[in-house]
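**Q** Structure provided below as structure tokens; questions to follow.
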Amino acid sequence: MKYDVWTAIIAATVVATACGKNANPAQPGSAAAVVDPSLTSSVTVPRPLTPAAGAQIRNGDQPVTLTVANAVLTGEASATYTFEVSGDAGFGTKAFSRAGVAAGTNGQTSLTIDKLAAATDYYWRARAEGGGTVGPFSGGRKFTIGPAVVINAVTNPDPASGGQTGAFVTFTVTNAVVTGPAGPLSYRFDLSSSSSFSPLAASGTVRQGNGQTSYQPNAELPPDSTFYWRVTVADASNGVATTSPTFSFTTSLAIDLKKVVYLHSPDASSWPRTGTLTLVEQDGADPGLMCMAFSDPGWPDSPWPYGGADPNFGVFGNQWYFAKINGIWYGGAGEWLYRGAGACKGGQGTFTMGPDSGFGAPFSTWAPRVGEMVGYMVSSVARPGVQRTVDERTNIIVQPWRDTSRGSPAIRVPFVVRR
């Protein structure tokens with residue numbers, strides 16, 4: 001008898017509760033209301049997809065996206081999802097939690113979570129709810145966020161902002177300071193005439209050097225132009241990259257070979273650059289030493305008419321000098337170069353370089369002042385009197401004139417030509 005009484009009470013409570021939840025209203029004259037079966041649904045557990053169990057995620061690949069295969073709900077109810085992330089398997093504390101995530105339409109539901117602390121293990125789970133029913137959580141899945149790798153921007157850019165260069169520029173930076181277990185670093189140098197870096201005038205990626213990293217585009221830049229450059233240091237293994245601020249410079253030290261007045265020498269403005277002049281060391285004090293280090297691409301020799309007893313003696317190139325006189329650049333081929341000789345030539349002093357090579361006026365009477373900008377180049381055989389073989393040249397270096405007898409610092413130890 002007691003069982004029947006309690007059964008009746010429970011049945012009445014269910015009907016009342018259903019009526020309180022907008023159950024179908026009783027028809028006139030009916031003894032009881034009918035409960036709408038869509039008010040409650042059964043809900044399965046959503047199936048975790050990604051990250052996979054035990055996944056190792058690079059810190060640089062954050063934020064992480066959690067994805068589950070949608071749960072199944074009976075009836076016509078729609079589901080929402082709750083995602084939780086915790087630093088412990090029991091989910092005692094939450095590193096991230098979000099409820100009410102709408103179900104995806106492709107059979108999966110995804111949520112991109114907030115960035116998590118690096119070098120830490122995490123567990124994640126999800127559950128679905130709908131039709132008045134809250135489903136159970138999926139089992140917790142472990143994943144690990146890798147250690148943080150921080151790459152600071154490069155420093156000491158050369159050329160620095162506001163600097164002046166020639167047409168052939170080498171870009172150099174002090175290597176980026178890196179914290180964390182970084183992998184191999186690459187340095188991408190971008191160069192443009194626009195501060196937006198579109199379009200690019202040159203771009204190249206090189207490996208990190210020892211203390212400094214450099215990049216030299218193969219192209220010569222137009223004179224009297226402003227350029228912008230930046231460096232992006234990347235650790236591909238950790239997915240981390242940092243871009244430097246933008247630096248700018250002008251090519252005010254470049255010489256437009258098409259505007260040069262050539263004296264006692266051919267017009268070299270159309271000659272291709274096949275060699276690279278890397279260093280010029282000169283001293284206008286007696287004996288007027290002029291040293292040039294450059295890559296010799298193998299310009300053929302031309303017979304030297306003053307070779308004496310050796311009929312095979314030949315020359316393969318000339319040193320060139322450029323002077324800006326009354327706002328106009330004058331240029332000409334100076335000293336001869338021959339195989340096996342040193343790169344240093346005498347007789348190129350402050351008061352002898354102009355008259356020495358027979359350039360003619362106004363170069364013949366020109367005497368450079370200490371600090372005056374002078375241009376230097378090396379080419380294949382160019383001066384009259386010797387048969388030319390190929391018409392090729394190096395880049396031009398423009399730098400201040402030095403004379404140790406007038407207070408300039410001493411030059412470096414002379415070097416030899418590299419073939």
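The values are calculated or read from the model by the stated rules, or taken from the named source; none is laboratory data. Just so you know, these numbers come straight off a predicted model, no measurement behind them. Every residue, glycine as well, gets a Cβ built from its backbone with ideal geometry; the counts of neighbours run over all protein chains shown.
**Q** Could you list, in sequence order, all residues of the range 389-410 that are surrounded by 14 or more Cβ atoms within 10 Å (Cβ to Cβ) and of a type outside the set (Ser, Thr, Tyr)? Lay out the reasoning, then the answer.
**A** From the range 389-410, those surrounded by 14 or more Cβ atoms within 10 Å (Cβ to Cβ) are 389-399, 401-404, 408; that's our starting set.
390, 391, 392, 393, 395, 396, 397, 398, 399, 401, 402, 403, listed by residue number.
**Q** Would the range 202-214 turn up any residue that is among the charged types (D, E, K, R) and surrounded by 13 or more Cβ atoms within 10 Å (Cβ to Cβ)? Write out each step before concluding.
**A** If we filter the range 202-214 for residues that are among the charged types (D, E, K, R), which is where we start, we get 207.
Cutting the leftovers down to surrounded by 13 or more Cβ atoms within 10 Å (Cβ to Cβ) gives us none.
Within the range 202-214, not a single residue is among the charged types (D, E, K, R) and surrounded by 13 or more Cβ atoms within 10 Å (Cβ to Cβ).
**Q** If you take the residues in the range 334-388 that are more than 23 Å from residue 294 (Cα to Cα) and of a type in the set (Phe, Trp, Tyr), which one is surrounded by the fewest Cβ atoms within 10 Å (Cβ to Cβ)?
**A** Only one residue tops the list, namely 351.
**Q** Look through 265, 295 and report the one residue that is polar (S, T, N, Q), touching a Gly at 6+ places or on another chain (Cβ under 6 Å), crowded, with 19+ Cβ neighbours inside 10 Å and assigned by TED's automatic domain parsing to the domain that holds residue 331. Let's see the steps before the verdict.
**A** Values: 295 fails: crowded, with 19+ Cβ neighbours inside 10 Å.
265 is the lone residue from the list that is polar (S, T, N, Q), touching a Gly at 6+ places or on another chain (Cβ under 6 Å), crowded, with 19+ Cβ neighbours inside 10 Å and assigned by TED's automatic domain parsing to the domain that holds residue 331.
**Q** With crowded, with 19+ Cβ neighbours inside 10 Å and not assigned by TED's automatic domain parsing to the domain that holds residue 193 as the only criterion, which of 289, 279 stands out?
**A** Of the residues listed, the single one that is crowded, with 19+ Cβ neighbours inside 10 Å and not assigned by TED's automatic domain parsing to the domain that holds residue 193 is 289.
**Q** Would you pick out the residues in the range 160-204 that are under 23 Å from residue 277 (Cβ atoms) and of a type in the set (Val, Ile, Thr)?
**A** Hits for the range 160-204 are 165, 169, 170, 172, 173.
**Q** Further, regarding this structure: Checking the conditions here, which among 334, 327, 347 is farther than 15 Å from residue 302 by Cα and in contact with a helix residue (DSSP H, G or I) (Cβ under 6 Å, 6 or more places away or on another chain)? Show your work before the answer.
**A** Values: 334 fails: in contact with a helix residue (DSSP H, G or I) (Cβ under 6 Å, 6 or more places away or on another chain); 327 fails: in contact with a helix residue (DSSP H, G or I) (Cβ under 6 Å, 6 or more places away or on another chain).
Testing whether each residue is farther than 15 Å from residue 302 by Cα and in contact with a helix residue (DSSP H, G or I) (Cβ under 6 Å, 6 or more places away or on another chain) leaves just 347.
**Q** Let me ask something else. Does the range 102-117 hold any residues that are more than 35 Å from the chain's Cα centre (by Cα), of a type in the set (Val, Ile, Thr) and not in a loop (DSSP other than H, G, I, E, B), and which are they?
**A** Let us first name the residues in the range 102-117 that are more than 35 Å from the chain's Cα centre (by Cα), namely 102-109.
Adding the requirement that they be of a type in the set (Val, Ile, Thr) leaves 105, 109.
If the condition is that a residue be more than 35 Å from the chain's Cα centre (by Cα), of a type in the set (Val, Ile, Thr) and not in a loop (DSSP other than H, G, I, E, B), then 109 is the only one that fits.
**Q** Are any of the residues in the range 250-257 modelled with pLDDT of 95 or more, more than 14 Å from the chain's Cα centre (by Cα) and more than 30 Å from residue 332 (Cα to Cα)?
**A** The answer is no; no qualifying residue exists.
**Q** State yes or no: is residue 128 modelled with pLDDT under 95, among the small types (Gly, Ala, Ser) and either touching a Cys at 6+ places or on another chain (Cβ under 8 Å) or surrounded by 19 or more Cβ atoms within 10 Å (Cβ to Cβ) (or both)?
**A** No.
**Q** Hey, could you check the range 360-416 for residues that are of a type in the set (Lys, Arg) and part of a loop (DSSP other than H, G, I, E, B) and say which is farthest from residue 314 (Cα to Cα)? Write out each step before concluding.
**A** First, the residues of the range 360-416 that are of a type in the set (Lys, Arg): 369, 383, 388, 393, 402, 406, 412.
Within this subset, residues satisfying the condition of being part of a loop (DSSP other than H, G, I, E, B) are 369, 383, 388, 402, 412.
Details: 369: 34, 383: 14, 388: 12, 402: 31, 412: 28 Å.
Filtering the range 360-416 for residues that are of a type in the set (Lys, Arg) and part of a loop (DSSP other than H, G, I, E, B), the one farthest from residue 314 (Cα to Cα) comes out as 369.
**Q** Return the only residue of 65, 93 being free of Cβ contacts under 8 Å to residues at least 12 places away in the same chain, loosely packed, with under 13 Cβ neighbours inside 10 Å and not assigned by TED's automatic domain parsing to the domain that holds residue 239.
**A** Details: 65 fails: free of Cβ contacts under 8 Å to residues at least 12 places away in the same chain.
Testing whether each residue is free of Cβ contacts under 8 Å to residues at least 12 places away in the same chain, loosely packed, with under 13 Cβ neighbours inside 10 Å and not assigned by TED's automatic domain parsing to the domain that holds residue 239 leaves just 93.
**Q** Looking at the range 288-320, which of its residues are touching a residue at least 60 places away in the same chain (Cβ under 8 Å) and part of a loop (DSSP other than H, G, I, E, B)?
**A** Hits for the range 288-320 are 288, 296, 297, 298, 299, 300, 301, 304, 305, 316.
**Q** Also, I was wondering about something else. Mind checking which residues of the range 68-101 are more than 40 Å from the chain's Cα centre (by Cα), assigned to a strand (DSSP E or B) and modelled with pLDDT of 95 or more? Working first, answer last.
**A** In the first step, residues of the range 68-101 are kept if they are more than 40 Å from the chain's Cα centre (by Cα); the result is 70-82, 89-93, 99-100.
With the extra rule that they be assigned to a strand (DSSP E or B), the set shrinks to 73, 80-82, 99-100.
80, 81, 82, 99, 100 - these are the residues of the range 68-101 that are more than 40 Å from the chain's Cα centre (by Cα), assigned to a strand (DSSP E or B) and modelled with pLDDT of 95 or more.
**Q** Hey, another quick one. Hey, can you tell me all the residues within the range 99-125 that are of a type in the set (Lys, Arg) and loosely packed, with under 15 Cβ neighbours inside 10 Å? Let's see the steps before the verdict.
**A** We begin by selecting, within the range 99-125, every residue of a type in the set (Lys, Arg); these are 115, 125.
Listed by number, the list holds a single entry, 115.
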